[in-house]
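Input: a single structure, listed below in structure tokens.
The values are calculated or read from the model by the stated rules, or taken from the named source; none is laboratory data. None of these values were measured; they are calculated from a predicted model. Quick reminder, even Gly has a Cβ in these numbers, built from the backbone with ideal geometry, and neighbours come from all protein chains shown. The area values use the complete protein model at the heavy-atom level, side chains included, leaving out ligands, DNA and RNA. Shrake-Rupley method; radii C 1.70, N 1.55, O 1.52, S 1.80 Å.
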Amino acid sequence: MTSVQKLSGIFRICILPWNNWTTVYIQEIRVSDAVINSKFQYAKKTIHGIRLAADELIVPDTISVEAYDIGIILSNGLDNAIEACQKLRRTKPEEDTYISIRSFWKGKMYFIEIENSFDGVMRMDTNSDWPCSTKPDSDATWYRIKEYS
């Protein structure tokens with residue numbers, strides 16, 4: 001398995017339909033559109049020539065996830081993707097930069113996938129198959145991720 005394949009699997013976000021009723025209405029589309037528009041505008045301003053795509057993202061009204069939570073997931077994921085593209089642009093300015101968001105269903109599970117270019121450098125934790133964070137507060141970030149998993 002290549003590093004890109006591992007990252008693709010790691011950064012998929014799974015949202016399970018926890019019940020038969022839905023709490024997500026049309027507002028969710030507005031929240032996700034606002035987050036994506038804001039983050040994409042920032043990416044365009046800070047990363048010359050970046051390609052951005054979200055045309056394969058469909059947020060259905062059949063999942064029981066609050067619009068606010070979808071917004072947080074998209075915001076955090078896009079922040080990480082933008083940071084990786086900025087780093088790529090600084091270290092390898094000739095490389096293509098892109099961010100692509102898509103969603104899909106696998107059985108009863110709904111996935112949001114954010115794919116982006118990066119500099120190809122990936123440090124792996126020696127005790128697991130997980131990549132190490134490049135963030136200064138990576139221990140605190142990793143702890144928070146474990147807490148919410």
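Residues in the range 107-123 that are of a type in the set (D, E) and not in a loop (DSSP other than H, G, I, E, B) were compared, and the one that is farthest from I63 (Cα to Cα) is E115. Under the condition of being surrounded by fewer than 18 Cβ atoms within 10 Å (Cβ to Cβ) and in contact (Cβ under 8 Å) with a residue 24 or more places away in the chain, the residues counted in the range 36-52 number 5. Do the conditions hold for D55, that is, is it without any contact (Cβ under 8 Å) to a residue 60 or more places away in the chain, over 14 Å from the mean Cα position of the chain (by Cα), closer than 22 Å to I36 by Cα and assigned to a loop (DSSP other than H, G, I, E, B)? No.
For every residue, the table says whether it meets (1) aliphatic (A, V, I, L, M); (2) out of contact with any strand residue (DSSP E or B) (no Cβ under 8 Å at 6 or more places or on another chain); (3) modelled with pLDDT under 90.
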residue	(1), (2), (3)
T2	no, yes, yes
I13	yes, no, yes
S32	no, yes, yes
A53	yes, no, no
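Listed here are the residues, each with its yes/no results for (1) open to solvent by 20 Å² or more (accessible area, probe 1.4 Å); (2) touching a Leu at 6+ places or on another chain (Cβ under 8 Å); (3) free of Cβ contacts under 8 Å to residues at least 40 places away in the same chain.
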position	(1), (2), (3)
E83	yes, no, yes
P93	yes, no, yes
Y98	yes, yes, no
K106	yes, no, yes
M109	yes, yes, no
E113	no, no, no
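Evaluated against (1) outside any strand (DSSP E or B); (2) open to solvent by 70 Å² or more (accessible area, probe 1.4 Å); (3) of a type outside the set (D, E); (4) modelled with pLDDT of 90 or more, R102 falls short on exactly one condition, (1).
For the range 72-94, the set of residues classified as in contact with a Gly (Cβ under 9 Å, 6 or more places away or on another chain), in a helix (DSSP H, G or I) and among the charged types (D, E, K, R) consists of R89 only.
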